[in-house]
Amino acid sequence: MPIPWDNAEAIEQDPNIETILGESGIVFAVLNKDEGVMADLAMRQAVVAAMEPESSLLSAYGDEEFFTVNSGLMPEDSPWYAATDPEFDELYENADPVEAEALMEEAGYDGEEIRILTTGDYEDHYDNALVLQQQLEEAGMTTDLTVVDWPTHTEMREDPSAFDIATTDISNWPSVPATWHFFTEGWWGTGEDEATQEAAQAVTSAQDEETAYAAMADLQEAYYEYIPVVKFGDRMTPSGLRTDFEGYEYVTGVGEIFHHIRPSE
């Protein structure tokens, strides 16, 4: 069964339970590109410069075994993985308040309140949002954190006037990464960007895998240049199985598979 991240260490110490880690997608913050302060690319870049995702992920998951800091769209063991940009990675992985301040000045930011929307129904969403808020404040941004239940979150995020940043997750990696929600025109806060749309189309319309994988590099670059979302990272979900049973599986995007569980021979 899935184990809350806070309880994983205690479960791991039980010799009667085997802990199994399963890839469970990405956690990220959507930057509202439809309207408001985050519609300016320089401000989205300032958020990347201000954040330090490892701190957020440690707050949410407690241990490095449960997450990977990765600015790429896909995990490194995926055939769809494209090499990340070293300059973007440097900005993404290490808080740089000086660079953030320069980008805010470029955007003409004048202390406007940045509304961060999150939910208390998913603790990792809340923890990531709380640390991000602290990092943005340290960089000189004025923020307000709104914490609501998940149904209210899904309702509010459809209104582009209700938020500037909203934390969420996608629990699986798609078979084709160009189908990520945040590349889909009309998804909340997506805005319009011709380069990302063309790059995504090149992946989905490729005639063969080799061409599609090559196009993936262009999509990764377009993502860095547009910054529709900022990733906190890739996460792992711990599950527990009694050691006298076998056959349990955790499938990314599906979850737990129980029908092969049986007593160990």
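Counting just the Cα atoms, what span does segment 51-198 cover along each of its three principal axes? Round to the nearest Å and put the largest first.
Cα extents, longest axis first: 42, 38, 36 Å.
Return the Cα extents of segment 1-133 along principal axes one, two and three, sorted largest first, each rounded to a whole Å.
That gives 59, 34, 27 Å along the principal axes, largest extent first.
I need to check one value: relative contact order of the chain, counting alpha carbon pairs closer than 8 Å and at least 6 residues apart, in percent.
35
Under 5 Å between amide H atoms, partner at least 5 residues away or on a different chain: which partners does F232 have, H built in plane at 1.01 Å?
Counting only residues 5 or more places away or on other chains, the set is V27, F28, A29.
Would you kindly give the portion of the calculated P(r) for the chain that falls above 34 Å, as a percent of all Cα pairs? Could the numbers behind the result be given before it?
Details: 7383 of 34980 pairs.
Here the tail beyond 34 Å accounts for 21 percent of pairs.
Evaluate the relative contact order of segment 1-125 (contact order divided by residue number), counting alpha-carbon pairs under 8 angstrom at least 6 apart; express in whole percent. Don't jump to the answer; show the numbers that get you there.
Working: 95 pairs, mean separation 37.9, N = 125.
It comes to 30 percent, rounded to a whole number.
Any idea what angle helix 41-50 forms with the longest principal axis of the chain, computed on alpha-carbon atoms, 0 to 90 degrees, nearest 10?
50
Rank these by accessible area, largest first, 1.4 Å probe: R242, R115, R262.
R242, R262, R115
Expressed as an acute angle from 0 to 90° and rounded to the nearest 10, what is the orientation of the C-alpha long axis of helix 97-107 relative to the principal long axis of the chain?
Relative to the chain, helix 97-107 is tipped by roughly 50 degrees.
How much accessible area per residue does segment 54-131 have, counting only protein heavy atoms and a probe of 1.4 Å, in square angstrom?
That works out to 50 Å² for each residue.
Expressed as an acute angle from 0 to 90° and rounded to the nearest 10, what is the orientation of the C-alpha long axis of helix 209-226 relative to the principal long axis of the chain?
50
Beta carbons within 10 angstrom, averaged per residue: use that to sort the peptides 27-38, 186-197, 129-140, highest first.
27-38, 129-140, 186-197
Per-residue counts of other Cβ atoms within 10 Å, averaged by peptide: what ranking do you get for 79-86, 177-184, 92-99, highest first?
177-184, 92-99, 79-86
Given axes a ≥ b ≥ c from the Cα gyration tensor, I'd like to know whether segment 57-141 is rounded (a/c under 1.5), prolate (a/b larger than b/c) or oblate.
Values: a/c = 2.26, a/b = 1.25, b/c = 1.81.
In terms of gyration-tensor shape, oblate.
Tell me the carbon and sulfur percent of the accessible area for the chain, rounded to whole percent, probe radius 1.4 Å. Write out the running numbers ahead of the final one.
On the way: 5780 of 12650 Å².
Ligands and nucleic acids excluded, carbon and sulfur reach 46 percent.
If you take the Cα Rg of segment 145-186 and divide it by 2.2 N^0.38 Å, with N the number of residues, what do you get?
On the way: Rg = 12.3 Å, N = 42, 2.2 N^0.38 = 9.1 Å.
Ratio of Cα Rg to 2.2 N^0.38 Å: 1.35.
The values are calculated or read from the model by the stated rules, or taken from the named source; none is laboratory data. Remember, predicted model here, so these are calculated numbers, not experimental data. A quick note on method: Cβ atoms are made from the backbone with ideal geometry, for glycine too, and the neighbour counts reach across all protein chains shown. Just so you know, the surface numbers come from the protein's heavy atoms only, side chains and all, with ligands and any DNA or RNA stripped out. Shrake-Rupley method; radii C 1.70, N 1.55, O 1.52, S 1.80 Å.
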